[in-house]
Amino acid sequence: MSFQSALFQVLQEKLPAHSSLAKWLAEQLDIDYSAADRKISGKSHLKPDEMAQLFQLCPELVTALPQPATGQHLVVRHSSFRDYTGLERYLTGVRDQLQQALEEDMRLDYFARDLPFFFFLAQPELAAYKFAMWTQQLKEGVVPPLSPEIGNLCEAIFALYGALPSKEIWYSGALDSQLDQLQWHYEVNVLDAGQYQQLLEAYLGTLRHFKNAGKKGHKEQGGTYELYGSGFCTLNNGGIFKNAEKSRLLQAVMSVFFIQTEQSEMVEVFEHEYEAHLQRALNLHNRKWAQRFFSKQEKRIKATIADLKKA
């Protein structure tokens, strides 16, 4: 039985008796009935974001599926954090995973529907803001600073990421959604004008850092870097660590909830979608295309900073 077939078998068992799995799937994934029926019959594949949505809707999928033989990797693992204790544990896992990837001569192929997780580790101000938001600790006028332990982990992760070869596709709307979020926090007085300006300047500086790395074709720590821009998006944030022997997929389900697997079918579907984006993406090593991709966001940030200074 294929992995996809096993998923649908578990889902059918979880639905009330005599319920239509195709109808339920069509409603949950917002697709038509015939498309749902093709997926159930195996005539078409679930996309990675659809699989992630199903795991979110039915967490029992993780434990209900048959486990592999002893010594093999689990079919799926999930990771997340809700507070700073969980965050420190999560960051420790990310650091160890990157260290292992470097030791095994892996590279990272990453798709960014939102800005990459590593983007926010480039500057402490950004990391503090995002971690406070993700753990629901962002209170009016207060962005808790990073603890020394978490600050050190952020620096270590960013250095390891900088040494790891990577190929990344960024969705063109990724930064816009982040800036909208930042503006909203300012408008509802979660951030004051000074904090808002500081974060805007941090976004602008970090954006230029990645833009320059894309032009050069490598990161400051020596890892090769291929950066592409995509005008369309069918994937959630996620990536594949890979070398000649194996591939490991990490996929965001929502916010800070992630799944991890080496299951071949899930890896293959992600790679198929990734390649489809890559074929139509702009290579941001090209100066003209990089300017075209980043100029709108840079102008928006500069204009907002100018308005704040006038106020």
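I'd like the full set of residues that are under 25 Å from the mean Cα position of the chain (by Cα) and in contact (Cβ under 8 Å) with a residue 24 or more places away in the chain, limited to the range 277-291.
Once the filter is applied, which keeps residues that are under 25 Å from the mean Cα position of the chain (by Cα) and in contact (Cβ under 8 Å) with a residue 24 or more places away in the chain, the range 277-291 yields His277, Leu278, Arg280, Ala281, Leu282, Asn283, Leu284, His285, Trp289, Ala290.
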Exactly one of Leu160, Leu182 is modelled with pLDDT under 95 and in a helix (DSSP H, G or I), and that one is Leu182
Here, helices (runs of 4 or more DSSP H) confined to the range 1-82 with at least 3 residues that are in contact with a Ser or Thr (Cβ under 7 Å, 6 or more places away or on another chain) and at pLDDT below 70 are none
Flagged in the range 129-161 as of a type outside the set (Val, Ile, Thr), closer than 17 Å to Val94 by Cα and open to solvent by less than 10 Å² (accessible area, probe 1.4 Å), in numbering order, are Lys130, Phe131, Cys154, Tyr161
Inside the range 248-270, the number of residues satisfying the requirement of being under 16 Å from Lys167 (Cα atoms) and open to solvent by 30 Å² or more (accessible area, probe 1.4 Å) is 1
Note: among Leu175, Leu227, just one is crowded, with 18+ Cβ neighbours inside 10 Å, over 14 Å from the mean Cα position of the chain (by Cα) and within 17 Å of Arg113 (Cβ to Cβ), namely Leu227
Quiz item: Could we say that Gln28 is closer than 20 Å to Leu235 by Cα and out of contact with any His (no Cβ under 6 Å at 6 or more places or on another chain) here?
Solution: yes
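Can Lys309 be described as closer than 25 Å to Tyr203 by Cβ, charged (D, E, K, R) and without any contact (Cβ under 8 Å) to a residue 24 or more places away in the chain? Show your work before the answer.
Values: closer than 25 Å to Tyr203 by Cβ: yes; charged (D, E, K, R): yes; without any contact (Cβ under 8 Å) to a residue 24 or more places away in the chain: no.
Here the answer is no, as Lys309 does not meet what is asked.
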Of (1) part of a loop (DSSP other than H, G, I, E, B); (2) open to solvent by 60 Å² or more (accessible area, probe 1.4 Å), Thr234 satisfies every one except (2)
Answer yes or no as to whether Glu104 is open to solvent by 50 Å² or more (accessible area, probe 1.4 Å) and modelled with pLDDT of 90 or more.
yes
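The values are calculated or read from the model by the stated rules, or taken from the named source; none is laboratory data. The structure presented is a predicted model; accordingly, all values stated were derived computationally and were not measured. All Cβ positions, even for glycine, are placed from backbone atoms using ideal geometry, and neighbour counts span all protein chains on display. Accessible surface areas use protein heavy atoms only, side chains included; no ligands, DNA or RNA. Shrake-Rupley method; radii C 1.70, N 1.55, O 1.52, S 1.80 Å.
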